[in-house]
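Below: one structure, written as structure tokens.
Rule-based calculations on the coordinates, nothing more; no lab input. Computed from a predicted structure; not experimentally measured. All Cβ positions, glycine included, derive from the backbone under ideal geometry; neighbour counts span all protein chains shown.
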Amino acid sequence: MDSDTIRALAKLSRLELTEAELDRAREQLEHLLGHFDALQQIPTDEVEASPYPRPISLRMRADEPGETLPPEEVLQNAPEQRAGQFLVPRIIEG
Amino acid sequence: MSDAPPITSRSATELATAIRDGGLRAAEVTDAFLARIASHDTGLGSFIEVWGDAALAEAEAVDAARARGDALGPLGGVPVAIKDNYVRRGFRTGCASKILDGFVSPYTSTAVARLEAAGAILLGRTNMDEFAMGSSTEHSIHGATKNPFDPARTCGGSSGGSAAAVAARFAPLALGSDTGGSVRQPAAFCGVSGLKPTYGRISRFGLVSFASSLDTVSPFGRTVADTALALAVLAGMDRNDSTSLADPAEDYTAGLDGSLDGMRVGVPAEYFGDGLDPVVEEHVRAAIAQLSELGATTVPIELPHTRYAVPTYYLICTSEASSNLSRYDGVRFGHRAGGDQDLDTMYSRTRAEGFGSEVKLRILLGTFCLSSGYYDAYYLKASKVRTLIREDFERAFTQCDVLAAPTSPFPAFDLGSKTDDPLAMYLSDVLTVAPSLAGVPAISVPCGATTDGLPIGMQLIGPALGEAKLLHAAHAFEQSTGHHLVEPCFGKATS
């Protein structure tokens, strides 16, 4: 894993890491992936993937309105809020 | 002076009966556990927060209900500790992470709601590895929880706070969560019972997601009967969790007694291989011989894909975690990095400040496994090997009723001995991750101790929805031995 790859992963992961943290993460991931590569020796072309432990069928329910949380309770945990909405840094200049 | 055992040494089943019959008041029971936590938990660190006033008020409500002649629920007045990854309306949940700083839940998880409806008294939230990522309860913003049998050693993880609390007689029951062994391994390290049910047997609604195809709500008890009692309260379908199973829950406490005549116990060769501590092997093999004494027959079993379980598990769980943890962005709840910054920098800085090193590593690994160009070779490959691992178990359960194996390859390890080496930590899960990938139930029960007094656990594994059979075997074993009665040497129960 080269330094560009680990930088790209940190960006995709939205993690602001220092150079030292990036280096350490790269070493650790290389070490782990080296061990995990053992899986590549198993033939699996004819094997179905299991996204869940057992096949799960989608269970539909009646489309009926239920109770929802009051907006003020949902907003109580927001680091910043204004006028009943979550507040984030400005994203459109103007 | 009464000859009755101290309140804090009694099982949940005994306490529920005594409270129902009027021999004990719920308030005095809660008081006894709160007093023991107050006097002894400083050195262990099993609780992050104790809900003392709320717990006493709940206990008094149970006593008032009984005085009115109301029928009490199956856990009426029984104190329960809750891992810090379940939400409860009006209470804090933190997942032992800075990123959930200050979060107070506006709703209650189904597991906690079922405990409340059964009359349980919730004592507080217990320590864990951050977002349940770890095997030692050292990756916590609150510091490590120590093992009640030896404070220089880990209590296991990630549900280590709950395991230590039950072992230390701070609570007769506790909720943990088991994704790849996070209840069974700490149960083994702390000398208590820990049950991971079939995937979907208990609703995950309100359990903070780590790896959604693996996470299970899982109880700890000091006896198998208590663990069965907790499962009976918790199991069942929930419309808020589409992966919860529609199969009806059973009365898991009803079929515990009886001999093991005719039961076939499979012994998987792969679970007794390289890296297994000889002392652990000796005790687990003796426990299997004891199952034979009780009427079971043993059958040699092969689970040939076991050696691939750790890579498969870590590729899948980190992939799912990288997606699940994307919700922590500093917008709707928890920590937000300060300073004048654009939105993207706010996200990245918030997450860098809020997550610990192990969580960051797993997010990076999961993002790698799911990213373009690597998905087929890692996530998809692991999902296919998962099928092979499940098929191993399906074949095994055509030849036997339950499997018996060690829970952990070694007893509790020294604090700090694996925190700098993620691979060494991950490999400690080698015996618990395969049942998780297959979604089958498994329980760890105490089966002995090292010469230093460190507990050793035997893992019994059953087929999907085979909890009743599993609990029957575990209970028969436990009742024929005294391993579950051994108390940690620190502060014997006195109240």
Between B:ALA117 and B:ALA57, how many nm apart are label points set 7 Å from Cα along the C-beta direction? 2.3 nm
Kindly put B:LEU207, B:LEU256 in sequence by how many other C-beta atoms sit within 10 Å of each C-beta, fewest to most. B:LEU256, B:LEU207
With a 10 Å Cβ neighbour count serving as the proxy for reagent exposure, in which order, fewest first, do B:SER259, B:SER436, B:SER242 appear? B:SER259, B:SER242, B:SER436
For B:PHE205, the residues 5 or more places away or on another chain with a placed amide H closer than 5 Å to its own amide H are B:THR110
Which distance in nm do the two modelled labels at B:GLU281 and B:LEU427 give, with both placed 7 Å along the Cα-to-Cβ direction? 1.6 nm
Give a residue-ordered list of calculated ³J(HN,Hα) values for the range B:433-442 (Karplus: 6.51 cos²θ - 1.76 cosθ + 1.60, θ = phi - 60°; whole Hz; x for Gly, Pro). 6, 5, x, 5, 4, 7, x, 8, x, 7
Magnitude of the Cβ-charge dipole (Lys and Arg +1, Asp and Glu -1) of the range B:1-122 about the Cα centre, nearest 20 debye, reported as 340 debye
Nearest-0.05 FRET efficiency for B:ARG68 and A:ALA20 at R0 = 60 Å, using Cβ-Cβ distance, is 0.40
Give me the dipole magnitude in Debye, nearest 20, for the range A:1-43 about the Cα centre, with unit charges on the beta carbon: positive for Lys and Arg, negative for Asp and Glu. 200 debye
Between the range B:307-322 and the range B:357-417, the alpha-carbon center distance in angstrom: 5 Å
So, R0 is 41 Å and r is the distance between the beta-carbons of B:LYS98 and A:GLN41; what FRET efficiency does that work out to, to 0.05? 0.55
Using θ = phi - 60° and the Karplus form 6.51 cos²θ - 1.76 cosθ + 1.60, what ³J(HN,Hα) does each residue of the range B:145-154 get, whole Hz, x for Gly and Pro? 8, 9, 6, x, 8, 6, x, 8, 10, 6
Between the range A:21-87 and the range B:225-254, what is the C-alpha centre distance in whole Å? 25 Å
Listed by chain and number, the lysines with an alpha carbon less than 30 angstrom from that of B:LYS360, same-chain partners under 8 positions apart left out, are A:LYS11, B:LYS83, B:LYS98, B:LYS146, B:LYS196, B:LYS381, B:LYS384, B:LYS418
Taking the dipole of the protein assembly as shown about the Cα centre (Lys, Arg +1; Asp, Glu -1; charges at Cβ), the one of B:PRO172, B:THR145, A:THR68 that reaches farthest to the positive side is A:THR68
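Work out how much length B:SER372 to B:SER357 would gain on full extension: take 0.36 nm times their residue separation and subtract the Cα-Cα distance, in nm to one decimal.
This chain segment gains 2.9 nm when fully extended.
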Work through the residues other than B:LEU485 whose Cβ is under 10 Å from its Cβ and net out their charges, Lys, Arg +1 and Asp, Glu -1. -1
Let me have the relative contact order for chain A, percent, based on Cα pairs under 8 Å that are six or more residues apart. 15 percent
Mean ellipticity per residue at 222 nm, deg cm²/dmol - from DSSP H runs of n ≥ 4 across the protein assembly as shown, formula -39500 (n - 2.57): -11000 deg cm²/dmol
Name the most mobile residue of A:LEU69, A:LEU32, A:LEU58, meaning the one with the largest mean-square fluctuation, in a Gaussian network model of chain A with Cα contacts below 10 Å. A:LEU69
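Can you give the % of DSSP beta bridges in the protein assembly as shown that are antiparallel, to the nearest 5? Intermediate values should be presented prior to the final figure.
Details: 32 of 47 bridges.
If we restrict to bridges inside the protein assembly as shown, about 70 percent are antiparallel.
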Please give the FRET efficiency for A:SER3 paired with B:ALA38, using the beta carbon to beta carbon distance and R0 = 41 Å, rounded to the nearest 0.05. 0.20
Between A:PRO55, A:PRO65, A:PRO79, where does the largest GNM mean-square fluctuation fall for chain A, given springs only between Cα atoms within less than 10 Å? A:PRO79
Which angle between 0 and 90 degrees, to the nearest 10, do you get for helix A:19-36 versus the longest principal axis of chain A when only C-alpha atoms count? 60 degrees
Using the basic label-point model (7 angstrom from Cα toward the beta carbon), what is the A:ARG61 to B:ASP257 distance in nanometres? 4.0 nm
DSSP loop (so not H, G, I, E, B), at most 15 other Cβ within 10 Å: list which trypsin sites (Lys or Arg not before Pro) in chain A pass both filters. A:ARG59, A:ARG61, A:ARG90
Given Cα pairs under 8 Å that are at least 6 residues apart, what percent is the relative contact order of chain B? 18 percent
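Expressed as a whole percent, how much of the Cα-Cα distance distribution for the protein assembly as shown exceeds 47 Å?
10 percent
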